[in-house]
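**Q** Before anything else, here's the structure in question.
Every number in this text was worked out from the coordinates using simple rules, so none of it is lab data. Remember, it's a predicted structure, so these values are computed and weren't measured experimentally. When we count neighbours, we look across all protein chains shown, and the Cβ atoms used for this are built from the backbone with ideal geometry, even at glycine.
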Amino acid sequence: MLMKAPYAANPEQSKGRKFAEPSPTYRSEFQRDRDRIIHSTGFRRLEYKTQVFVNHEGDLYRTRLTHSLEVAQIARSIARTLRLDEDLTEAISLAHDIGHTPFGHAGQDALNACMKDYGGFEHNLQSLRIIDVLEKNYADFDGLNLCYETREGVLKHCSLKNAAKLGDVGERFLKKEQPSLEAQLTNIADQIAYNNHDIDDGIRSGLINIEQMRQVQLFSTQYDKVMWKHPELKGNRRVHEIIRRMIGEQVVDLVETTSTRIAEVNPESIDDVRKYSEQLICFSDEMKQHNQELKKYLRENLYFHHKVYRMTRKAHQVIEALFDIFMEDLRLLPPRHLMLARNALVDEGLAGQARVIADYVAGMTDRYATKEYARLFGVDGNVF
């Protein structure tokens with residue numbers, strides 16, 4: 001096994017947890033974080049929260065859970081090559097989407113609109129809220145009590161206004177410092193995973209096809225290589241072979257570009273990484289252009305496809321209707337959330353009540369949100 005680089009995060013030098021705990025006997029601090037995330041309620045719920053397609057559309061489409069596992073695999077492999085801490089990288093990868101609403105980005109946009117007068121809603125902040133506060137499984141504390149480094153990695157971006165309210169984990173935004181290399185890596189592994197795997201789901205759904213995708217340079221290059229080597233290959237095997245080669249090309253580019261940058265900057269510690277003027281984990285300029293072209297294509301031809309847009313509009317309708325009816329009549333909430341909402345109303349006013357309702361709605365799976373909507377508004381379960 002490769003020795004970790006001096007600029008990698010070190011679990012023995014972690015900035016610690018909010019609540020002091022004895023060190024684990026047979027695991028590192030970052031391994032403990034990973035394990036706590038895997039066993040959390042929020043992580044399990046990701047199985048029934050979707051990326052692009054509503055959950056019932058098909059069992060083969062990716063969910064937030066399968067996406068998080070794919071991000072963890074890509075990120076951990078790269079972390080090993082770059083001699084970073086694999087366990088921290090995996091922990092951040094598994095937790096990075098834990099705050100997502102039902103119905104993907106459509107759900108987040110709808111809930112953010114509902115919360116516009118009450119502080120807004122942003123899934124990165126919600127992920128931090130879940131791991132810091134909303135998980136209620138441990139005897140000695142709320143949340144998962146994760147290490148600073150894991151919490152930092154989950155919070156990819158944050159406004160200065162919000163950062164000022166977050167204590168230690170918000171300080172790097174105020175100081176304009178960089179996150180750890182493990183956090184930087186997870187952010188890019190996330191992009192690699194969702195861009196390439198959305199191609200797979202899009203082709204499976206019939207919303208885009210291989211001939212159309214050949215307009216995209218990154219796809220076209222690998223298509224030509226696959227067809228030259230395997231001219232008889234068809235269907236899912238052909239798509240899989242192209243996509244795995246696309247991922248491989250991006251990983252190689254990322255590793256080589258990052259290795260060159262690290263050699264030039266020569267950071268000797270994680271503090272050097274934090275104080276550098278820009279992030280060290282990055283693609284080459286050429287690969288950045290290829291990825292921009294791919295993102296643009298997917299946005300115009302998949303995410304804005306009229307069938308996806310119809311689902312998006314219905315998702316907005318479900319989220320907005322649920323939020324509004326709970327705000328109008330708290331008695332429709334389950335007993336625990338009813339108590340929380342009433343207490344929040346007394347302590348913090350309408351903004352506190354709204355935050356409790358947003359927590360409840362954001363925690364729903366696609367299936368549960370759809371069923372709750374059907375129960376409350378007297379429609380059949382076939383909302384979508």
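**Q** Could you state the principal axis extents of the C-alpha atoms in region 71-225, from the largest down, to the nearest angstrom?
**A** The principal-axis extents, from largest down, are 55, 43, 33 Å.
**Q** With springs connecting C-alpha atoms under 10 Å apart, model the chain as a Gaussian network and identify which of Gln212, Gln73, Gln126 has the largest mean-square fluctuation.
**A** Gln212
**Q** Please tell me the relative contact order of region 156-285 in percent, rounded to the nearest whole number, where contacts are Cα pairs under 8 Å and at least six residues apart.
**A** On the way: 96 pairs, mean separation 41.1, N = 130.
So the answer I get is 32 percent.
**Q** Something else about it: Name the shape class, rounded, prolate or oblate, that the alpha-carbon gyration tensor gives for region 137-216, where a ≥ b ≥ c are the square roots of its eigenvalues, rounded holds for a/c under 1.5, and otherwise prolate holds if a/b is larger than b/c and oblate otherwise. Write out the running numbers ahead of the final one.
**A** Values: a/c = 3.23, a/b = 2.09, b/c = 1.55.
Verdict is prolate for region 137-216.
**Q** Sticking with this structure for a sec: Once the piece of chain linking Gln317 and Asn112 is laid out straight, how much longer is it, given 0.36 nm per residue of separation minus the C-alpha distance between them? Please report the intermediate quantities before stating the final value.
**A** Values: separation 205, 0.36 × 205 = 73.80 nm, distance 1.32 nm.
Length gained between Gln317 and Asn112: 72.5 nm.
**Q** So, one more: Applying the Karplus parametrisation 6.51 cos²θ - 1.76 cosθ + 1.60 with θ = phi - 60° to the phi angles of region 301-312, what ³J(HN,Hα) value in whole Hz is obtained for each residue in order, glycine and proline being reported as x?
**A** Karplus-based 3J(HN,Hα) across region 301-312 equals 10, 10, 5, 9, 4, 4, 6, 5, 5, 4, 4, 4 Hz.
**Q** How large is the helix-only mean residue ellipticity at 222 nm for the chain, computed as the sum of -39500 (n - 2.57) over DSSP H runs with n ≥ 4, divided by its residue count, in deg cm²/dmol to the nearest 500? Intermediate results must be reported in sequence, preceding the final value.
**A** Details: 19 runs with 233 residues, N = 384.
Per the formula, -19000 deg cm²/dmol.
**Q** Further, regarding this structure: Cα atoms only: what Rg and Dmax, in Å, come out for region 42-160?
**A** Gyration radius and largest Cα-Cα distance of region 42-160: 15.1, 46 Å.
**Q** OK, next. Could you list the square roots of 5 times each eigenvalue of the Cα gyration tensor of region 307-377, that is, the equivalent ellipsoid semi-axes, sorted largest first and rounded to whole Å?
**A** Details: eigenvalues 116, 29, 18 Å².
Whole-Å semi-axes of the equivalent ellipsoid: 24, 12, 10.
**Q** For the chain, set up a Gaussian network in which alpha carbons nearer than 10 Å are linked by springs, and say which option among Asp35, Asp198, Asp87 fluctuates the most.
**A** Asp35
**Q** Arrange the peptides 246-252, 302-308, 184-190 so that the one whose residues have, on average, the most other Cβ atoms within 10 Å appears first. Spell out each step's value before the answer.
**A** Values: 246-252: 17.3, 302-308: 15.3, 184-190: 24.4.
Going from most to least packed, we get 184-190, 246-252, 302-308.
**Q** Could you give the C-alpha radius of gyration of the chain expressed as a fraction of 2.2 N^0.38 Å, taking N as the number of residues it contains? Intermediate values should be presented prior to the final figure.
**A** Working: Rg = 21.7 Å, N = 384, 2.2 N^0.38 = 21.1 Å.
With N residues counted in the chain, Rg over 2.2 N^0.38 Å equals 1.03.
**Q** Classify region 274-324: rounded, prolate or oblate, from the alpha-carbon gyration tensor (a ≥ b ≥ c, eigenvalue square roots; a/c under 1.5 rounded; otherwise prolate if a/b is larger than b/c)?
**A** oblate
**Q** Apply the Karplus curve 6.51 cos²θ - 1.76 cosθ + 1.60, θ = phi - 60°, to the phi angles in region 217-226 and return the couplings in whole Hz, x for Gly and Pro.
**A** After applying 6.51 cos²θ - 1.76 cosθ + 1.60, I find 4, 4, 6, 4, 4, 6, 4, 4, 5, 5 Hz.
**Q** Something else about it: Identify which of Ile131, Ile325, Ile242 has the largest mean-square fluctuation in a Gaussian network model of the chain, with springs joining Cα atoms closer than 10 Å.
**A** Result: Ile325 has the largest fluctuation of those listed.
**Q** Find which of Ser269, Gly143, Phe326 sits farthest along the positive direction of the dipole of the chain, computed with +1 on the beta-carbon of Lys and Arg, -1 on that of Asp and Glu, about the Cα centre.
**A** About the Cα centre, the residue reaching furthest to the positive side is Phe326.
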